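Report on one structure; see the data block that follows.
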Amino acid sequence: MLESKLYIEGGRSLQGEISVSGAKNSSLPILAAALMHGGTSVIHNCPTLSDVYSALRILSSLGCKCKREGKTVTVDAKNVTGCEISEALMREMRSSIVFLGAILSRTHRCRLSFPGGCELGPRPIDIHLHALKKLGVKIIEDHGVLDCSLTGRPQAADITLPLPSVGATENIMLLAATGDGTTVIRNAAKEPEICDLASFLTSCGAQVTGAGSTTVCIKGTESLHPSAHTVMPDRIVAATYMGAAAITGGELMINHVTPSDMYSTMAVFEQMGCGVYPYSDRIFITAKKPLKAVKTIRTTFYPGFPTDCQPIVMAALCKAKGTSMIVENIFENRFRAADELNRLGADIKAEGKVAVIEGVKALSGASVMAHDLRAGAALVLGGLAAEGTTTISNIAYIDRGYESIERELSACGALIKRM
Ligand code: EPZ
């Protein structure tokens with residue numbers, strides 16, 4: 001079947017309101033946590049994304065019964081029998097590694113293949129494995145397969161991470177939630193998604209304190225119980241829509257967001273000359289003035305400027321007056337949007353960790369290709385601003401993180417359709 005593409009007639013400024021879905025990067029570890037007890041979990045505001053369907057397929061392959069009704073997913077984990085994630089499922093989504101801690105919590109056994117590298121570069125899991133060993137997990141690595149086992153409950157441990165890895169922090173929280181005693185994670189990731197997972201685990205009977213700070217404590221329990229949870233808003237999707245308003249010189253009210261998760265992102269859009277007005281659960285952004293270049297933007301761990309917003313801001317800066325520089329400190333290969341944006345007439349030089357963006361007066365439509373999720377989103381922004389028609393292929397990457405991006409943007413005046 002011919003792979004579908006996005007077609008955009010650019011050059012129109014966006015006006016109107018747009019709603020943000022639940023956070024992909026919070027729903028994934030929370031769905032993993034749902035298999036840790038034998039009851040039925042109810043997850044509200046769960047986004048309809050291909051990565052979430054992958055997570056539901058993993059749960060089903062382990063014996064869970066999953067049901068989706070609109071934005072609510074129920075997971076009946078009574079009959080979890082499996083403990084293996086197939087290579088195909090691992091390749092489908094490398095963040096499946098976060099199921100390791102959850103499966104071990106429930107079955108004390110887990111076999112999965114090494115998650116392949118991805119478009120952003122090698123995605124090592126050494127920090128995950130070192131931490132799980134401290135919780136008592138025995139790990140045999142054999143021909144790319146990890147065979148992990150526990151004799152009895154995970155033991156409590158005091159773990160200091162070499163860097164605040166989001167996935168590693170989540171894996172430790174998931175395993176320690178059934179641990180015997182209190183596990184301490186030092187130099188933990190502070191992302192809002194960690195707090196969302198902590199509140200879900202606490203509602204299931206674990207006692208998690210300190211989430212969002214450098215030190216997270218998890219007092220495990222043998223009897224986790226089912227609970228219901230509403231997934232937090234997706235701060236990266238919200239930033240993407242801010243970028244769409246910025247690059248098209250429009251104005252948008254972005255609903256269902258948590259502005260307090262987004263200070264560093266909002267600050268960058270203000271530096272670009274946008275008017276950014278946060279309210280309790282929405283952000284109004286206006287870009288009626290020409291965008292200004294931002295001298296230096298550095299991606300870093302939360303609460304600093306997020307690497308996931310880097311391609312989005314790179315796109316907006318293509319139309320800013322002056323020279324901007326971005327330093328990407330988290331992933332080795334995360335400037336994949338640059339070459340494709342240059343095909344739209346941008347002037348970006350990316351080398352190693354640094355990308356220099358010379359603002360141009362206009363972008364012009366072309367055929368471009370998404371190479372990863374957020375680079376694909378950056379191309380949508382480029383296409384919205386480019387004069388003429390832009391065609392984007394490989395949009396399966398975009399569907400991993402955005403619920404029908406074309407429907408949301410069309411409602412604000414964009415001429416964009418999927419064919
Ligand atoms: C999460 O990935 C997100 N994914 C990523 O979003 C996000 O870019 C990243 O955090 C950083 O914020 C999910 O939550 C599903 P890390 P994760 O472990 O957990 C190195 C998107 O677009 N590292 O915090 O994999 C790693 O190579 C995705 O939605 C090790 O060296 O990120 C990276 O350089 C893309 N060893 C740095 O740490 C390890 O064992 C941060 O990675 C683990 C990580």
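Descriptive notes on the structure:
- Here Ala362 does not fit the description of being under 17 Å from Ala245 (Cα atoms), buried (at least 23 other Cβ atoms within 10 Å of the Cβ), aliphatic (A, V, I, L, M) and in contact (Cβ under 8 Å) with a residue 12 or more places away in the chain.
- Residues in the range 311-329 that are in contact (Cβ under 8 Å) with a residue 40 or more places away in the chain, away from the ligand (no atom under 11 Å from the Cβ) and not in a loop (DSSP other than H, G, I, E, B) were compared, and the one that is farthest from the chain's Cα centre (by Cα) is Leu317.
- Segments classed as strands (runs of 3 or more DSSP E), wholly inside the range 1-68, with at least 1 members that are farther than 27 Å from Leu384 by Cβ and within 14 Å of the chain's Cα centre (by Cα): none
- Within the option set Val356, Val276, being closer than 30 Å to Asn255 by Cβ and in a strand (DSSP E or B) holds for one residue only, Val276.
- Some residue of the range 294-304 being surrounded by fewer than 23 Cβ atoms within 10 Å (Cβ to Cβ) and without any contact (Cβ under 8 Å) to a residue 24 or more places away in the chain: no
- Put simply, of Ala287, Ala355 the only residue that is at pLDDT 95 or above, surrounded by 18 or more Cβ atoms within 10 Å (Cβ to Cβ), more than 24 Å from Gly388 (Cα to Cα) and not hydroxyl-bearing (Ser, Thr, Tyr) is Ala355.
- Among (1) modelled with pLDDT under 95; (2) within 16 Å of the ligand (Cβ to nearest atom); (3) closer than 16 Å to Ala244 by Cα - the single one Ser404 does not satisfy: (2)
- Whenever a residue of the range 53-69 is within 18 Å of Leu104 (Cα to Cα) and of a type in the set (S, T, N, Q), its partners that are buried (at least 19 other Cβ atoms within 10 Å of the Cβ) and modelled with pLDDT of 95 or more, lying with C-beta atoms within less than 6 angstrom and at least six residues away or across chains, give the pairs Ser60/Cys66.
- Flag for Leu379 being modelled with pLDDT of 95 or more and either of a type in the set (Ser, Thr, Tyr) or farther than 26 Å from Tyr263 by Cβ (or both): yes
- Test: residue in the range 322-341 that is touching an Asp or Glu at 6+ places or on another chain (Cβ under 9 Å), buried (at least 19 other Cβ atoms within 10 Å of the Cβ) and among the hydroxyl-bearing types (Ser, Thr, Tyr): yes
- Residue check, Glu87 over 26 Å from Leu379 (Cα atoms) and surrounded by fewer than 18 Cβ atoms within 10 Å (Cβ to Cβ): yes
- In the range 118-130, the residues that are closer than 15 Å to Ser96 by Cβ form Cβ pairs under 6 Å with partners that are within 7 Å of the ligand (Cβ to nearest atom), at six or more places apart or across chains, as follows: His128/Ala168.
- Filtering Val80, Val75 for residues that are closer than 22 Å to Ile43 by Cα and in a strand (DSSP E or B) leaves a single hit, Val75.
The rows are residues; the columns are (1) within 27 Å of Ile395 (Cβ to Cβ); (2) within 15 Å of the ligand (Cβ to nearest atom); (3) part of a helix (DSSP H, G or I).
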site: Cys309; (1), (2), (3): yes, yes, yes
site: Phe331; (1), (2), (3): yes, yes, no
site: Gly345; (1), (2), (3): yes, no, no
site: Val368; (1), (2), (3): yes, no, no
site: Arg374; (1), (2), (3): yes, yes, yes
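- Scanning the range 376-419 for residues that are in a loop (DSSP other than H, G, I, E, B) and more than 20 Å from the chain's Cα centre (by Cα) returns Ala386, Gly388, Ala411, Cys412, Gly413, Ala414, Met419.
- Candidates Leu341, Leu384, Leu379 - the one that is more than 16 Å from the ligand (Cβ to nearest atom), closer than 30 Å to Pro124 by Cα and in contact (Cβ under 8 Å) with a residue 40 or more places away in the chain: Leu341
- For Ser404: the one exception among (1) more than 22 Å from Cys46 (Cβ to Cβ); (2) without any contact (Cβ under 8 Å) to a residue 40 or more places away in the chain: (1)
- Lys289 being over 30 Å from Thr169 (Cα atoms), without any contact (Cβ under 8 Å) to a residue 12 or more places away in the chain, more than 14 Å from the ligand (Cβ to nearest atom) and outside any helix (DSSP H, G or I): no
- Checked against (1) away from the ligand (no atom under 16 Å from the Cβ); (2) touching an Asp or Glu at 6+ places or on another chain (Cβ under 6 Å); (3) under 26 Å from Thr230 (Cα atoms), Ser199 meets all criteria but (2).
The values are calculated or read from the model by the stated rules, or taken from the named source; none is laboratory data. Computed from a prediction, not measured in an experiment: that's the story for all the values here. We place every Cβ from the backbone using ideal geometry, glycine too, and count neighbours over all the protein chains shown.
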